[in-house]
Amino acid sequence: VICVNLNGDLRMRGGTVIQQTEPEPVPLADPEEPRARRFPFPFLDGGQRKPPRPQAMAAPGIAAVMIDAFNITQDRISRSRLAGDPPDIMIAPKLARIGLFEFHRAAECIELGRQAAERALPDIRDYLDAASELPEPRDPPQAVAI
């Protein structure tokens, strides 16, 4: 049995949690400054204006979250199936850089699959050589009607 695992090279979006400390409050602008340049709602932050928080990574949108959830689910299903009924040979093309809905990149996917199959050829040949040395299987038992 030769398995082609399309989920073998997926990488989930990872993020690093950065410890944030509360920034030092910046006092409101001088009341003598023109009104348009002052913070318009000083009562919302207790009269203190805070500098914007640095953003290490933009939050993912709902589509990215759903695609990541789908990929995680597919990966778990694949691992479970492979553990329960392992293949003799597994080919895993390197598809991490191809998105789930990037159908227009089919030619690139096919090429990556061809490269993965070529990398697996020595293992396939070794397996076939080892299998050819095994004794011939016996005839399966015949059902007898009584």
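Sorted by average packing, counted as other Cβ atoms within 10 angstrom per residue and highest first, what order do 60-70, 113-123 take?
113-123, 60-70
What chymotrypsin sites (Phe, Trp or Tyr not before Pro) in segment 89-140 are in a loop by DSSP, with at most 15 other Cβ atoms within 10 Å of the Cβ?
Sites meeting the loop and neighbour criteria: F101.
Considering amide H positions built from the backbone, and no H for Pro or chain starts, which residues 5 or more places from V4, or on another chain, come under 5 Å of its amide H?
I91
Go through segment 60-72 residue by residue and turn each phi into a ³J(HN,Hα) via Karplus (6.51, -1.76, 1.60, θ = phi - 60°); whole Hz please, and just put x for glycine and proline.
Each residue's phi maps through the Karplus curve to give x, x, 5, 5, 5, 5, 5, 5, 4, 4, 4, 5, 5 Hz.
Using a cut-off of under 18 Å, list every residue of segment 60-90 whose amide N is near the label point 7 Å from the Cα of A117 along the Cα-to-beta-carbon line.
Under cut-off, by backbone N: 88-90.
At a Förster radius of 25 Å, what calculated FRET efficiency corresponds to the Cβ-Cβ distance of I124 and R76, to the nearest 0.05? Write down the numbers at each step before the final one.
Working: r = 27 Å, r/R0 = 1.09.
About 0.35, to the nearest 0.05.
Computed from the coordinates by the stated procedures, all read-outs in this text should not be read as laboratory data. From a predicted model like this one, the values you see are computed outputs, not experimental measurements. Heads up, the Cβs are rebuilt from the backbone with ideal geometry, glycines too, and the neighbour counts pull from every protein chain shown.
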